[in-house]
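Comments concern the structure below.
The values are calculated or read from the model by the stated rules, or taken from the named source; none is laboratory data. The structure presented is a predicted model; accordingly, all values stated were derived computationally and were not measured. Cβ coordinates were reconstructed from backbone atoms using ideal geometry, including for glycine residues, and neighbour counts include every protein chain displayed.
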Amino acid sequence: MGTTSPTRDPNVVATNLRQQGLRATSARITLILGLGELGHATPEQLHSALTPTHPGLNVSTVYRTLESLTDLGLVAHAHLTGSAPSYYLTDGTEHAHLVCQDCGTITPLRGEALQRFVAELATDPGFAVTISHLSVQGHCQNCRTKTTTTKTTTTQPTTTQRSSPITRRPS
Ligand SMILES: [Zn+2]
Ligand SMILES: [Zn+2]
């Protein structure tokens, strides 16, 4: 959503790696494509998402490859869920993360509101924010809508009672 969608073509990924003077190993290509698909994922999430199509891929390879891709600056991680770090493809611009505490959805946060917040903290109290490690916990629009719907349902008995004259038996 929003930014240019990552490629799904292994050949394009391989070419990009080689153009940067990097080895285009199948593990690197697989993980770059996987992260392009998932957006943000822990090593375990990546592994279970990729196993059906890449049965030979083991967890330690996932960890090792993510580490080398991080060293190369192609991948970054943020601590979003309290457990394992979530990895994502770097795209040249830093972003913060909105983390839904209900469904776990991670939304990248860019743009003016973030820049204003960061600029304000830089002035007072003079704090330089590491944007890529900034995460905001809360509830996504989807989950908030669900909650509202539930609330409406719980208040329905009162409504039914009030409208009960309608259902009274004709005398
Ligand atoms: Zn949610
Ligand atoms: Zn991110």
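Please verify whether LEU38 is under 19 Å from TYR87 (Cβ atoms) and modelled with pLDDT under 95, treating the condition exactly as stated.
Numbers: under 19 Å from TYR87 (Cβ atoms): yes; modelled with pLDDT under 95: yes.
Criteria met by LEU38.
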*Scope segment 34-73; condition crowded, with 20+ Cβ neighbours inside 10 Å and touching a residue at least 24 places away in the same chain (Cβ under 8 Å); matching residues*: LEU35, HIS40, ALA41, PRO43, LEU46, VAL62, THR65, LEU66, LEU69
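Being over 25 Å from ILE131 (Cβ atoms) and of a type in the set (Gly, Ala, Ser) narrows it down to one residue among GLY21, GLY39, GLY111, GLY34; which is it? Talk me through it step by step, then tell me what you get.
Details: GLY39 fails: over 25 Å from ILE131 (Cβ atoms); GLY111 fails: over 25 Å from ILE131 (Cβ atoms); GLY34 fails: over 25 Å from ILE131 (Cβ atoms).
Exactly one residue qualifies, and that residue is GLY21.
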*So which residues in segment 86-120 are away from ligand 2 (no atom under 11 Å from the Cβ) and modelled with pLDDT of 90 or more?*
CYS100, GLN101, ASP102, CYS103, GLU112, LEU114, GLN115, ARG116, PHE117, VAL118, ALA119, GLU120
